[in-house]
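One structure below.
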Amino acid sequence: MVKKGLFISIISVGLVFLISTTSHAAAKILKFATAISPPFTILNANQELQGFDIDIAKALCEKMQVQCTFNNDHFSNMILSLKTNKYDAWINAISIDEYHQKDVSFSKPYFSSTIQLMAIKDTTFNAAPVEIKGKTIGAEENSCFIHHLKNAYCDTIKIRIFPTESDAYIALEKGTIDAVIGDSTTLMHWRSKQKDSKKYRLIGLPAKYSNLVWHKYGIAIAKDNVELMKKLNDAINQIKSDGTLRELVKKYFGN
C-alpha cells in the first residue's frame, strides 16, 4: 500500500509538472491581430502577413523571447477580441487617442504620422471649413478618423463609413465620395500603386487642427493586461535604443 501510494504521488507530481510546463509554453506564444493596411500590413502572394507593423511585432517578440503568431482580422473586431482574449495584442497603425483608450490600453508609441485627405486631382477644394462644406468624406469603419472629422467639421460635411480602407478608395475612384481621410503614409502608398497615380492629390488639414493632425501609433491590448504592457514597453525601448526601429523605418519609409 505504501509503494502504491508513493507511485500515485509520483504520477501526481509528474502531472502537475506537465501541466505547469504546458501552461508556461502557452504563455510563450503572443497572439497578434492586424488588418490589411499597406504598407503597415500587407498580404504577400502566399497570403502571408508582411509589412512594417509585422516586422515591428517580430522584433518586439524577439526582445521578449516569445513566439508570435499573426492573424488577419477586421479592425472593427479589435475591442471585443481583446476583451475576450481571442488575441493578446493588436498592431495595425492604431492611433493612441481618447477614442480608443476608452476600451483598450496602449503601449508606448513606436511610430508617428499625420492625417490627410485624398481627392481626385481635378478637384480644387481644400480642407478649410468653407471649402469642404457639403463634401462627402469616406472613412474606415471604427477608425479614429471619423472622430477627427466630427471634431473638426461637426455637421458641415457628410461622412460615409466603409468596412475597409479599400472600399473607401474604390468609392473615390468611382466618384461617389469627394475624398478619403486616412494616414498620410497609407494614402501615399496606395496612390503610388495606381496606374495613374497623378490622378490623386493629398490635402493637408488646416493648421488650427494640428492637435488632430499629428498622431502616434501604439500596440493595443486589454486594459487589465498589466504584465504584457510592461513587457511590450520594455521591448519598444530596446528596439529604439539598439537601432532596430530606426532601420525598419528606413526600410519602409526611407527616413
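Does ILE239 satisfy the criteria of being β-branched (Val, Ile, Thr), part of a helix (DSSP H, G or I) and either more than 26 Å from ILE54 (Cβ to Cβ) or outside the structural domain of LEU30 (by TED's automatic domain parsing) (or both)? Spell out how you get there, then give the answer.
Details: β-branched (Val, Ile, Thr): yes; part of a helix (DSSP H, G or I): yes; either more than 26 Å from ILE54 (Cβ to Cβ) or outside the structural domain of LEU30 (by TED's automatic domain parsing) (or both): no.
Here the answer is no, as ILE239 does not meet what is asked.
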Any hit, the stretch 56-74, residues being modelled with pLDDT of 95 or more, outside any helix (DSSP H, G or I), over 24 Å from PHE145 (Cα atoms) and of a type in the set (A, V, I, L, M): yes
Filtered residue count, the stretch 15-53, keeping only those that are basic (Lys, Arg) and modelled with pLDDT of 90 or more: 1
Residue pairs meeting the criteria (Cβ under 7 Å; at least 6 apart or on separate chains; first more than 14 Å from SER112 (Cα to Cα), in the stretch 231-255; second assigned to a helix (DSSP H, G or I) and of a type in the set (Gly, Ala, Ser)): ILE239/ALA59; THR244/ALA59
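Tell me, which residue of the stretch 148-164 that is assigned to a helix (DSSP H, G or I) and in contact (Cβ under 8 Å) with a residue 24 or more places away in the chain is nearest to TRP214 (Cα to Cα)? Give the derivation first.
Quick first cut of the stretch 148-164, residues assigned to a helix (DSSP H, G or I) only: 148-153.
Still in the running and in contact (Cβ under 8 Å) with a residue 24 or more places away in the chain: 148-149, 151-153.
Values: HIS148: 11, LEU149: 14, ASN151: 14, ALA152: 14, TYR153: 17 Å.
Across the stretch 148-164, the extreme among qualifying residues is HIS148.
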Flag for ILE161 being over 17 Å from the mean Cα position of the chain (by Cα), surrounded by fewer than 17 Cβ atoms within 10 Å (Cβ to Cβ) and among the β-branched types (Val, Ile, Thr): yes
Qualifying residue in the stretch 76-91 (condition: over 25 Å from ARG246 (Cα atoms), of a type in the set (Phe, Trp, Tyr) and modelled with pLDDT under 95): no
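Against the definition (part of a helix (DSSP H, G or I) and either charged (D, E, K, R) or closer than 14 Å to ALA179 by Cα (or both)), how does PHE145 come out, yes or no? Can you show your working first?
Values: part of a helix (DSSP H, G or I): yes; either charged (D, E, K, R) or closer than 14 Å to ALA179 by Cα (or both): yes.
Spelling it out, PHE145 is indeed part of a helix (DSSP H, G or I) and either charged (D, E, K, R) or closer than 14 Å to ALA179 by Cα (or both).
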Among the candidates ASP167, ASP224, residue that is charged (D, E, K, R), surrounded by fewer than 18 Cβ atoms within 10 Å (Cβ to Cβ) and either at positive phi or not in a helix (DSSP H, G or I) (or both): ASP224
Filtered residue count, the stretch 227-255, keeping only those that are modelled with pLDDT under 95 and either surrounded by 17 or more Cβ atoms within 10 Å (Cβ to Cβ) or aliphatic (A, V, I, L, M) (or both): 2
Identity of the residue in the stretch 36-85, among the small types (Gly, Ala, Ser), under 24 Å from SER166 (Cα atoms) and touching a residue at least 12 places away in the same chain (Cβ under 8 Å), that ends up surrounded by the fewest Cβ atoms within 10 Å (Cβ to Cβ): SER76
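The values are calculated or read from the model by the stated rules, or taken from the named source; none is laboratory data. Quick caveat: nothing in here was measured; it's all calculated off a predicted structure. Neighbour counts are summed over all protein chains in view; Cβ atoms, including those assigned to glycine, are modelled from backbone coordinates with ideal geometry.
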